[in-house]
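Read the structure below first, then the notes.
The values are calculated or read from the model by the stated rules, or taken from the named source; none is laboratory data. Treat the numbers as computed from the prediction; the structure is a model and nothing was measured. Here the Cβ positions follow ideal geometry from the backbone for every residue, glycine too, while neighbour counts run over all protein chains shown. Side chains included, ligands, DNA and RNA excluded: accessible areas come from the protein's heavy atoms. Shrake-Rupley method; radii C 1.70, N 1.55, O 1.52, S 1.80 Å.
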Amino acid sequence: GPSRSVAGGAAYHGAGTFNSGILLFRATAAGRRFAAQWHRNVASPERGSRFWGKTSDQQVFNAMVRRERQWPGVGGRRGEWIMRRLHEDWDGNLSLGALPLPLFMNGHGYFVQAAHRSLQVSPFAVHATYSLDNHDGVAKRQRFREAGLWLADGEEYFRGRFLALNASVPPAVAAALGAARSAGQSPNHIGVHAAA
């Protein structure tokens, strides 16, 4: 999780699957060459290549940077953020670093673990990973809305008919609950239920 990311650095990140949801490429010749090759390998992989049959940009990214038939196929040391021993196509020509998870959170770390609260940090970015058994834009936007992180809805989003939930206790039910408790009775009886 995000707290282990800080302690483990490149060693922690290298042992898992690289998430391609939040990336930073420097506009160096090697960075541009890698991004262009990544696009080619995703959009039109060469038949029979190690990228043929990959179903996502993330799978292609991992195949590009990791040494083949080795796990994890990259190396890193605790406390450092730069990976070592990349795939031979890039080793020595490209630097691959890990963004610290507490500041660049994945969906699980933010939405499920609420790691930003326990670590008392405000992330720079949150990636809405696979959500609601789907990973399309609609599901991701909704996940951000529910967390108060989506502020890009136009006025048309708020027009229409909506179902509203009022979770307050009606006065008659509150009075029946109070009367039962004052009499030393359990409020779980037909009189309280009838007031509801």
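Quick notes on this structure:
- Fraction of the pair-distance distribution of region 32-85 above 12 Å, Cα-Cα pairs, percent: 67 percent
- Chymotrypsin sites (Phe, Trp or Tyr not before Pro) restricted to DSSP loop in region 104-196 with at most 15 other C-beta within 10 Å: Phe124, Tyr130, Trp150, Phe162
- Matching label, percent of Cα pairs over 23 Å apart computed from the structure shown, candidates (i) 61; (ii) 76; (iii) 51: (i)
- Efficiency of FRET from Cβ geometry, Phe25 and Val112, R₀ 22 Å, rounded to 0.05: 0.20
- Amide H contacts of Gly97: Met83, each under 5 Å away and 5 or more positions distant or on a separate chain (H built 1.01 Å from N in the peptide plane; Pro and chain starts excluded).
- Debye-formula intensities of region 93-153, expressed as log10 I(q)/I(0) at q = 0.22, 0.23 Å⁻¹, are -0.89, -0.94 (one equal scatterer per alpha-carbon, no solvent).
- Ordered by solvent-accessible area of protein heavy atoms (1.4 Å probe), largest first, the residues Trp81, Trp90, Trp52 come out as Trp52, Trp81, Trp90.
- The chain: angle of helix 2-14 to the longest principal axis, Cα-based, in degrees nearest 10: 20 degrees
- Region 88-196: C-alpha gyration tensor shape, a/c 1.5 cut-off, then a/b vs b/c: prolate
- Since only Gly109, Phe25, Gly75 are under comparison, the one whose Cα sits farthest along the positive direction of the charge dipole of region 1-139, derived from C-beta charges on Lys, Arg, Asp and Glu, is Gly75.
- Coarse-grained scattering of region 1-65 at q = 0.12, 0.18, 0.25, 0.27 Å⁻¹, given as base-10 log I(q)/I(0) from a Debye sum over alpha-carbon atoms: -0.37, -0.76, -1.09, -1.16
- Computed over the chain, the per-residue total of -39500 (n - 2.57) for DSSP H runs of n ≥ 4 gives a 222 nm mean residue ellipticity of -10500 deg cm²/dmol, rounded to 500.
- Calculated on the alpha-carbon coordinates, the convex hull of region 1-113 measures out at 108 cubic angstrom per residue.
- Applying 1/(1 + (r/R0)^6) with R0 = 25 Å to the Cβ-Cβ distance of Asp91 and Ser44 gives a FRET efficiency near 0.50.
- Charge dipole of the chain about the Cα centre (unit charges at C-beta), most positive-ward option of Gly160, Val121, Ala174: Val121
- The phi-based Karplus calculation (6.51 cos²θ - 1.76 cosθ + 1.60; θ = phi - 60°) puts the 3J(HN,Hα) values of region 185-190 at 9, 6, x, 8, 9, 4 Hz, whole numbers, x for Gly and Pro.
- Sites listed here are GluC sites (Glu not before Pro) in region 6-105 whose DSSP assignment is loop and whose Cβ has at most 13 other Cβ atoms within 10 Å: Glu46, Glu68, Glu88.
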